[in-house]
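Values quoted throughout were computed directly from the atomic coordinates according to the rules given, and no laboratory measurement underlies them. Remember, it's a predicted structure, so these values are computed and weren't measured experimentally. Heads up, the Cβs are rebuilt from the backbone with ideal geometry, glycines too, and the neighbour counts pull from every protein chain shown.
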Amino acid sequence: MDLPRHLSQHDRAAQLPLVTEDAQVTLVEPMDRNRNDEVLSAVRDQIASVGDQSWVAAARNGSTIRWPALLDRVRDAGASKQRLARIETLAERFDRPYPSLLRLRVKPDVDLDFAPGQYVTLRLRDTPRAYSLANSPSEDELEFCIRLVPGGKLTSGLFERVRAGEKVVVRGPNGDMVLDPPSNRDMVFLATGTGVAPFKSMIDYTLEQGRDVVDGQPRDIWLFLGCGWEDDLPHRAHFRRLDAQYDHFHFVPTLTREPLLTDWDGATDYVQSVFVNHVESDALASADLPERFDAVRERRPQSGVDARIDPTNVELYACGISAMVSTLVRAARSVGVPDSEMQYEGFG
């Protein structure tokens, strides 16, 4: 499937002026954390059944681990392919730079008017990069969540050198994946990683402006957010506060790798599968879904949310890895979400 960059045109987004403004960085804050001690403990647990936990210490070389040598030793001891794959996943986590996920806020010299869901170009030391805005337009600062791209032109500089007080240039806004007018339809947001940024803007604006209640009836608002590790979930504390505050807001994180480190008991499947898992059973029974969703139909959701999604009565927004978005859109169509009620963007 060829993903269009944008599907919808909305008058406000089209009419906003494109401006270039100087801005000052006011906050640089890691959203992930260094979990290397946890990772090494998990590696020792994986090794324990086939060898000696001291093998980890023997493979250390200062602050690094000689992973190929350690994996060869574990393989020679008869470890299964699954166990080796788990250790390799943990090794990737150990070796990744810290921090790898930043919360960045900047204060423009002149207020920037934008619609929730739009993005701007952020320029640091003559290097531009497009980032979605992660805050409500009612705020006087702009917020971004930024994933480190090793070797990336802008992200490497941001993670290594940017500090509060530094000057950047903001150009925008751009983009027309913005909110539909309020209706009695429920709202479903699906994202992977930093693809959640525009949805944070949309959700915050919806709640603060009372767009979550139409004709006296609250609209269910669903946020499905997929990552590998729990600390890769951008703005996770914020979304959990909203989940506790609003009965009709449902935050459903799904983590594919976190069980390697903790006793995570939430969803662990891909975002598109977790979405399907929360669709009303009648819609699932008649849906023409690919075979890979067969097990999902029968499985009870791990989220603990009792509410279910009526796919014929939602507006759906998706943003994230293109493979996820493509599969999600096909699945959403299959269960009955109208094409006219879907907006999506893919990257990567």
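Tabulated results
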| read-out | value |
| --- | --- |
| DSSP H segments from the chain that extend 15 Å or more along their own axis, Cα-based, with Kyte-Doolittle mean of 0.5 or above | 322-335 |
| Burial ranking of peptide ranges 114-127, 219-232, 53-66 (average Cβ count within 10 Å, highest at the top) | 219-232, 114-127, 53-66 |
| Alpha-carbon centroid distance for the pair segment 295-335 / segment 206-273, whole angstrom | 13 Å |
| Taking Tyr246, Tyr131, Tyr98, Tyr205 and counting other C-beta atoms within 10 Å, the order from fewest to most | Tyr98, Tyr246, Tyr205, Tyr131 |
| Residue order, fewest to most surrounding Cβ atoms within 10 angstrom, among Phe199, Phe347 | Phe347, Phe199 |
| 16 Å Cα-Cα reach of Lys107 towards aspartates and glutamates, excluding residues that sit fewer than 8 places from it in its own chain | Glu21, Asp22, Glu29, Glu139, Asp140, Glu141, Glu143, Glu166 |
| From the C-alpha gyration tensor of segment 186-347, square roots of 5λ in Å | 21, 20, 15 |
| Descending semi-axes in Å of the chain, equivalent ellipsoid built from Cα gyration tensor | 36, 29, 16 |
| Helix-only [θ]222 nm of the chain, DSSP H runs n ≥ 4, -39500 (n - 2.57) each, per residue, nearest 500 | -9000 deg cm²/dmol |
